[in-house]
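> Before we start, here is the structure in question, set down as structure tokens.
The values are calculated or read from the model by the stated rules, or taken from the named source; none is laboratory data. Please read all numbers here as calculations on a predicted model, not as lab measurements. Cβ: placed from backbone, ideal geometry, glycine included. Neighbour counts: every protein chain shown. With ligands, DNA and RNA removed, areas are computed over all heavy atoms of the protein, side chains included. Shrake-Rupley method; radii C 1.70, N 1.55, O 1.52, S 1.80 Å.
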Amino acid sequence: MKVLLTGGAGFIGSHTCVELLSQGYDAVIADNFCNSERDVITRCEKITGKKIACYDADVADKEAVSSIFAKEKIDAVIHFAGYKSVPESVKLPVMYYRNNLDTTLTVLEVMKEFGVKIFVFSSSATVYGDKNPVPFTEDMPTSTTNPYGTTKLFIEKILTDTAAADGEMSVVLLRYFNPIGAHKSGLIGENPKGIPNNLMPYIAQVASGKREMLHVYGNDFNTPDGTGVRDYIHVEDLAKGHVKALEYAAKNAGCEIFNLGTGIGYSVLDIVKAFEKANGIKIPYVIDPRRPGDIDESRADVSKAAKILGWKAEKNLDDMCADTWNWQKNIK
Ligand code: WQD
């Protein structure tokens, strides 16, 4: 099976590409490299020993996407392409709606023209909003508190309606919790441009000396130590979850939602301590006021993916912290 990974040069996309190739699938990448480096492709080829067809393309550009489908016999799409910064989406909502919706709609239109029926979507636990009790189950009501999260919700709705309209479509919506870590080779990992929004890349840059100290956003949450609790999942486990989702979609029409998390919650200070222990590096921090929109706790109920996909996260927090540093220390 040949799989098109839109945004496949990104953090999750590149790890999924490596996992697909390692499991004998063919992968084609379409990416405009707005939030990733071109040499990621070479590093993925080095890890897998396989050539990867990569198209430098804006996935919202219908002509460009059509030409990829015309050149490559695509059997399925995993759609990663999209802007992903919560604070940036608050400042630039129209740019987020335009990009994240247009990329999706363009891919769906071209898939229809070429008769491609399998679509796996990179969604997010952010769609559970701030009103649900943890652990979150896939049938819970959704709501969002920022434009980035709302684009994910809108795209889930677009895909649900598309699958309902075309009885042969297979759509899987993957709600990621908090992906961290890096490939065990240390050749690919997370390397956000500018100041990292997310916790682990920021900690990694404090460890490398690029940042002076971690700013902990709030210690007055309703959690054991007062800092925010999240369900962190190793990016390699997440990549394996995508392959399981693809295999499920290849056998089942319709639209199905799965949480991809570990079911275990760790606080910000738990992560700091685990990183220090795994790597023997002190992470200085200061307590700052809360970030607007942050919730006390986000944690997955992971039973549906285990039961239906036969997938469960295997790596622990120590692996996530050690693999993060093994990647970060190589970054120039
Ligand atoms: C985790 C915890 C912060 C940075 C968001 C999106 C989600 C997904 C991942 C995009 C929180 C605290 C963070 C820092 C801190 N998508 N924190 N200092 O907010 O759970 O999820 O990113 O990639 O859709 O919603 O992840 O890593 O930003 O924050 O104290 O410098 O770390 O308050 O408690 P979040 P995060």
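> Give me the net charge of residue 200's neighbourhood, meaning all other residues with Cβ under 11 Å from the Cβ of residue 200; Lys, Arg count +1, Asp, Glu -1.
Local net charge: -1.
> If you line up the long axis of helix 93-114 against the longest principal axis of the chain, both from Cα atoms, how many degrees apart are they, to the nearest 10?
Here the helix axis deviates by roughly 30 degrees.
> Would you kindly work out the equivalent ellipsoid of the stretch 117-183 from its C-alpha gyration tensor and give its semi-axes, the square roots of five times the eigenvalues, largest first in whole Å?
So the three semi-axes of the stretch 117-183 are 22, 16, 11 Å.
> Could you let me know the centre-to-centre spacing of the stretch 135-201 and the stretch 54-76, using Cα atoms, in angstrom?
Centre-to-centre (Cα) distance: 22 Å.
> Right, something else. Within the chain, what whole-number % of the accessible surface is contributed by carbon and sulfur, with the 1.4 Å probe and all protein chains included in the calculation?
Whole-percent figure for carbon plus sulfur exposure: 52.
> Could you report the chain's accessible area per residue, 1.4 Å probe, as an integer in Å²?
43
> To continue, here is another question. Would you mind checking 240/307; 73/152; 210/282; 73/304 for any pair whose Cα atoms are more than 21 angstrom apart?
Too far apart for the 21 Å limit: 73/152; 73/304.
> Can you give me the relative contact order of the chain as a percent, contacts being Cα pairs under 8 Å and 6 or more apart?
Once divided by the residue count of the chain, the mean separation gives 19 percent.
> Just from the alpha-carbon atoms, what are the Rg and Dmax of the chain in angstroms?
Rg then Dmax for the chain, in Å: 18.9, 55.
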